Amino acid sequence: MKGGDAQILVPRRHTRFSTTLLVTVALLFSGVLAAQTMYKYRGENGEWIFSDRPPASDQEAEIRSINSRGTRSGLGVTYTFDGSGVTLTARNQFYAPMEVAIEFESIENVEYPPSGHPLRWLVPARSELLLLELPSLGDPVTPTVRYRYEYLPGDPAARHAGGVNYRAPFAAGASYPITQTYPDSMTHLTRDSMYAVDIAMPVGTDIVAARGGVVFDVASTNFKGGPDVDAYADLANLVRILHDDGTFAVYAHLNWNTIRVQPGDRVKTGEYIADSGNTGFSSGPHLHFAVQRNMGMRVESLPIAFRGADGVGVVPATDQLLMAYP
């Protein structure tokens with residue numbers, strides 16, 4: 001943009017990045033939180049607990065003042081104006097394709113987008129894409145375009161590969177109870193969490209990749225957790241992994257600062273990625289695991305089977321004791 005004119009384009013940004021459990025707006029921006037108190041103490045099984053609440057008993061706890069800083073990847077839609085019109089460009093920082101949709105609130109002194117244009121685009125991983133060119137109408141009045149945009153991970157054309165049996169996401173030979181999964185849902189009430197699997201396990205349990213792929217989103221600095229969805233929904237530590245078929249998995253409620261992978265890493269099935277925890281909207285220590293795909297600006301969870309003895313698929317069920325096979 002040239003000269004001393006006032007800014008001609010004022011984007012209003014609203015971002016969305018799915019999963020019910022993890023409420024998405026908070027997952028997408030970077031920021032610094034004010035110093036908060038964290039309590040470190042041993043749990044019943046000797047595991048380290050990191051929490052915003054002191055232990056229920058009179059046991060000693062180490063008290064730390066924590067400045068949580070979280071830097072996350074994102075997608076931005078920016079503009080340029082060169083006198084002949086306005087150009088909108090999307091820049092995707094994620095190691096996964098992102099679908100972006102734009103909604104215009106007002107357009108003045110430039111041409112409207114072509115009639116019938118869906119105003120949706122797929123932006124490849126780690127790339128930028130020219131979305132629209134809106135020619136000027138030639139009026140001497142400076143163009144004004146106001147818009148908002150949303151984005152979600154994944155290619156809507158992706159299809160879940162048939163015959164995939166997922167490895168239970170913990171150490172081989174171990175077993176833990178499933179406390180919630182389809183069709184018995186207490187908190188998995190939306191399409192993006194309908195087929196999610198909650199697995200009860202002590203804080204500090206090793207979590208491994210249920211299927212190989214590329215890590216594209218990580219949150220690791222949260223230590224708060226509790227059953228109040230309004231207070232804790234944005235505060236789950238998590239890892240998201242993109243599979244080769246375009247679906248992706250989310251591993252959530254992970255323990256504070258235990259995540260050992262970062263965006264761009266390619267992990268193999270069974271590779272250690274983090275410790276389980278109790279962060280975010282959670283009534284007790286567990287792992288929330290779901291496989292999802294983009295269905296066209298909406299994310300839905302998918303029914304899955306875990307690898308059983310001799311490679312036979314095991315459909316998860318509430319109250320089932322899930323055993324991990326290598």
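As a proxy for reagent exposure, ranking D198, D245, D228 by other Cβ atoms within 10 Å from fewest up yields D228, D245, D198. Basic side chains Lys and Arg get +1 at the Cβ, acidic Asp and Glu get -1 at the Cβ, and with that the dipole of the range 165-323 about its Cα centre reaches some 320 debye. Remark: spin-label model distance T142-E271 equals 4.9 nm, labels positioned 7 Å along the Cα→Cβ axis.
All distinct Cα pairs of the range 75-153 go into the 1/r average, and the inverse of that average, the Kirkwood radius, is 13.1 Å. Entry for the range 165-323 at q = 0.11, 0.12 Å⁻¹: log10 I(q)/I(0) = -0.38, -0.45, Debye formula applied to identical alpha-carbon scatterers, no solvent contribution. Qualifying trypsin sites (Lys or Arg not before Pro) in the range 227-274, where qualification requires a DSSP coil assignment and no more than 13 other C-beta atoms within 10 Å, comprise K268. For trypsin sites (Lys or Arg not before Pro), the sites in the range 63-172 that DSSP calls loop and that have at most 11 other Cβ atoms within 10 Å are R159.
No value in this document is a laboratory result; all are computed from the given coordinates. The structure presented is a predicted model; accordingly, all values stated were derived computationally and were not measured. Quick reminder, even Gly has a Cβ in these numbers, built from the backbone with ideal geometry, and neighbours come from all protein chains shown.
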